[in-house]
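Participant: Take a look at the following structure, please.
The values are calculated or read from the model by the stated rules, or taken from the named source; none is laboratory data. Fair warning: this is a prediction, and the values are worked out from it, not measured in the lab. Virtual Cβ from ideal backbone geometry, glycine too; neighbours counted across all protein chains shown.
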């Protein structure tokens, strides 16, 4: 079969691909040389974050089910803001999640 005019043969292609690159002069690094830091969040932080989100949701559910009689009857409609506030604190804590 005839070879395409645009296709280079192996000998010429191998010679042209070894171009000089600034990365060829770089110092090689090994995995043991890299400093690996454990940036994960501590267990107490994750538990607090999830706990606040669940607590805020439960606050709202209890307020709706009891028709305002619980958790704080004196707060009235402010119970919605309290419940959402607790939940939002938990959601804002997720911004540190890595």
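Participant: I'd like the full set of residues that are out of contact with any helix residue (DSSP H, G or I) (no Cβ under 8 Å at 6 or more places or on another chain) and at pLDDT 90 or above, limited to the stretch 24-53. First the steps, then the outcome.
Facilitator: Here is the first cut: in the stretch 24-53, the ones out of contact with any helix residue (DSSP H, G or I) (no Cβ under 8 Å at 6 or more places or on another chain) are 24-40, 42-44, 46-47.
Correct list: 42, 43, 44, 46, 47.
Participant: Taking residue 8, is it outside any helix (DSSP H, G or I), over 34 Å from the mean Cα position of the chain (by Cα), surrounded by 12 or more Cβ atoms within 10 Å (Cβ to Cβ) and at pLDDT below 70?
Facilitator: On the way: outside any helix (DSSP H, G or I): yes; over 34 Å from the mean Cα position of the chain (by Cα): yes; surrounded by 12 or more Cβ atoms within 10 Å (Cβ to Cβ): yes; at pLDDT below 70: yes.
So residue 8 fits the description; yes.
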